[in-house]
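Here the structure is laid out as structure tokens; the discussion comes afterwards.
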Amino acid sequence: MKSLDPTAEPLQHALSATQAAAATPIAFVRAIALAYENRAMRPDRALAQAQIAPELLHEPQARITAWQMEQVSDAAMQELDDEALGWFSRRLPWGSYGMLARASISSPTLQVALARWCRHHGMLTDDIALRLTTQGDTATLAITEARDLGPLREFCLVSMLRNALGLSCWMVDSRIPLVSAQFAFAAPAHADAYAVLFRAPVAFGAEQTGIRFDARYLALPLRRDEAALRQMLQHALPLTVLQYRRDRLLVQRVRQLLGAPQGAPGAHATTALPQHSADTLAHLLHVSPRTLHRQLKEEGATLQGLKDEVRRTRAVDLLHRTDRPIKQVAEAAGFVNEKSFIRAFRGWTGQSPAEFRKAVRV
């Protein structure tokens, strides 16, 4: 299985892999070189295949491209016959992670697939343990370290999480945006690269290493089969780490943000809806406003349509079960004044708010 480079940039038709921006820390290449050293071998051929000058390993701030990281990792995995690149107390021979992927690909949902991945990974090595848990609406994929991973620790933990996330995205054919990422080690000198690695708030010095994401993604069905897996394993890097344009839960996530009362959680249900603009929503979802509009369109929705849906639902609910004045209902539904609310409500239902309230209570 080819390397799943954790810092690969999104694929772009107009930008070849060798021209892409250098964002991957050279520290990860030094970790690969150390794996060679521990086996009394030299990484010369792997470095040459990746077009990485050996002297670059001695420049702490140096960065390489995703393509270079793919090439050096691919060569090293084959030369060392170790897909774990020296992380564990025993080698994981070429094809080990492909075997894990095959054991998961028949799963009905992502939750089952990830649970299988975690369980089966424990059969390959007991140096670390992967565990998937859910609490409320948040899922956590965490790593427990059973032994000291030494100087390869960061490279191992980062790669394990990024690979599992990339494979998960591929299996359900959707972006899975992270809520956060935590690491049980101090911030490295190249900590700024983690913004590219995980595209989420990152904390160092945590009690346990792991990533957190919306648990609703676990219910998504797998959209890949064995044939697709065979093809993916030939080019695992570009297929598993690119930032998917499609987010199969985007409409639900936007609707949830639009419908969350100001001051939530804990806010009363009649609190005014937030006045989220495309810019603020995009920021909360870690995408650009342009990407937000495009992805909603791909899902057959528009931002204005979702806003109207959420406002209409809130207004109908308040008119039906409360005696609050129309002006207060308008405010709670996110309107700046009563007049604009009445006009919008008549467009939705063909009735004024007062007429609607009277009709539903007859």
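The values are calculated or read from the model by the stated rules, or taken from the named source; none is laboratory data. The shown structure was predicted, so the numbers you read here are calculated from the model rather than taken from an experiment. Note: ideal-geometry Cβ built from the backbone for every residue, glycine included; neighbour counts use all protein chains shown.
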Does C169 satisfy the criteria of being more than 21 Å from E207 (Cβ to Cβ) and not in a loop (DSSP other than H, G, I, E, B)?
-> yes
Scan of segment 298-315 for residues that are outside any loop (DSSP other than H, G, I, E, B) and farther than 13 Å from G259 by Cβ, ordered by number = E298, L303, Q304, G305
Test: residue in segment 161-170 that is of a type in the set (S, T, N, Q) and closer than 23 Å to L250 by Cα = yes
Given the residues S73, S89, which is the only one that is within 21 Å of L130 (Cα to Cα), hydroxyl-bearing (S, T, Y) and in the same structural domain as T134 (by TED's automatic domain parsing)?
-> S89
Go through the residues of segment 93-115 one by one and say whether even a single one is farther than 20 Å from F198 by Cα, surrounded by 19 or more Cβ atoms within 10 Å (Cβ to Cβ) and free of Cβ contacts under 8 Å to residues at least 60 places away in the same chain.
-> yes
